[in-house]
Amino acid sequence: MTDAQSDIATLIPLSAVEPGMIEVLLDRVFGPDRHARTAYRMRMGMEWLDALSFAVLDADEMLVGTIQCYPIALIDREGRPVPLVMVGPVAVVPERQSEGFGQGLMTAMLDAEARLSKEGSPPFAQVLIGDADYYGRWGFTAAATGGWRCPGPYEPERLLARGAGLLAMPAEGMLGPWER
């Protein structure tokens, strides 16, 4: 968020928001058919990670944006799951887009990830389906994802990853829900 917005916006844990409000926001941003998208298939049945999922309220305490992160896995050729975190959806209501709320949500999530790392959590890779020009500012790139597949249609150049955990990721595999 910009400096002006930090004075009028409030970042809160996503778990503090009524679930119905989150669904309304996501329907507005992505449409009611969003559950058929590939990203939803990748995290099917998973609950968002509380420590990495946030909401932003405007000065009138209206929900204007959310970011959710989910545990998923890259299943290698031998069927072994390697854990990673799926970032998204990152959503800001249409009338408030381009005001910095999405950037603020991404920064909050990455700050939380850095805190977890300092507290001893192992480094993990993060993946998302999105625009490289936008998410590249946070180090997301398609450089490591060329051999990864998704359970549904996607544009390979939009499958982006980042993080120290990328060093441990297989070069090839199928993305899907984390199942132990």
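Miscellaneous remarks
- Residue 47 being over 25 Å from residue 150 (Cα atoms), in a loop (DSSP other than H, G, I, E, B) and of a type in the set (Asp, Glu): no
- Filter pass, residue 140 being without any contact (Cβ under 8 Å) to a residue 60 or more places away in the chain and in contact with a Gly (Cβ under 8 Å, 6 or more places away or on another chain): yes
- Scanning region 63-74 for residues that are farther than 13 Å from residue 127 by Cβ and either open to solvent by 30 Å² or more (accessible area, probe 1.4 Å) or of a type outside the set (Gly, Ala, Ser) (or both) turns up 63, 64, 66, 67, 68.
- Within region 60-85, being under 22 Å from residue 21 (Cβ atoms) and either assigned to a strand (DSSP E or B) or within 17 Å of the chain's Cα centre (by Cα) (or both) holds for 63, 64, 65, 66, 67, 68, 69, 70.
- Residue match in region 11-26 (condition: polar (S, T, N, Q), open to solvent by 10 Å² or more (accessible area, probe 1.4 Å) and touching a residue at least 40 places away in the same chain (Cβ under 8 Å)): no
- Here the condition is being touching a Gly at 6+ places or on another chain (Cβ under 6 Å) and within 26 Å of residue 15 (Cα to Cα); of 97, 126, 68, it holds for 126 alone.
The values are calculated or read from the model by the stated rules, or taken from the named source; none is laboratory data. Note that the coordinates shown come from a computational prediction; the quantities given were computed from them, not determined experimentally. Glycine gets a Cβ as well: all are built from the backbone with ideal geometry, and neighbour counts include every protein chain shown. Ligands, DNA and RNA are stripped out before the accessible areas are found, and what is left, the full protein with its side chains, is counted by its heavy atoms. Shrake-Rupley method; radii C 1.70, N 1.55, O 1.52, S 1.80 Å.
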